[in-house]
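Input: a single structure, listed below in structure tokens.
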Amino acid sequence: MELRDFIKTFVQKSVEQLGSLRDYMHNFTTYLARAIAIGNLLNLERGQWFMRGLPIKYYRYIIKKIKAVADEPSTFVFKRLR
């Protein structure tokens, strides 16, 4: 399976059954670093994928905290999200 598809599945599962936010963050950064290294994912897409995996309450909190625009995924800068 392509790594991009794996990340998509991982993010979808995380939304459904988020355990620890810390574990999600650790696993996400590990998988994404590998995907970016082999060229399956652009560095600019990291924030978008990260946000997709969060439950709605965390999603809303982060949007408000970093003053991102929900309709503009380019405002989800991963370094600011962390």
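Can ILE36 be described as more than 19 Å from GLN12 (Cβ to Cβ), open to solvent by less than 90 Å² (accessible area, probe 1.4 Å) and hydrophobic (A, V, I, L, M, F, W, C)?
Working: more than 19 Å from GLN12 (Cβ to Cβ): yes; open to solvent by less than 90 Å² (accessible area, probe 1.4 Å): yes; hydrophobic (A, V, I, L, M, F, W, C): yes.
Judged against the criteria, ILE36 is a match.
Of all the criteria given as (1) in contact (Cβ under 8 Å) with a residue 12 or more places away in the chain; (2) open to solvent by 100 Å² or more (accessible area, probe 1.4 Å), the one not satisfied by LYS57 is (1).
The values are calculated or read from the model by the stated rules, or taken from the named source; none is laboratory data. Keep in mind that this is a model prediction, so the values were computed, not measured. When we count neighbours, we look across all protein chains shown, and the Cβ atoms used for this are built from the backbone with ideal geometry, even at glycine. The protein model used for the area step is the full one, side chains on, heavy atoms only, and it has no ligands, DNA or RNA in it. Shrake-Rupley method; radii C 1.70, N 1.55, O 1.52, S 1.80 Å.
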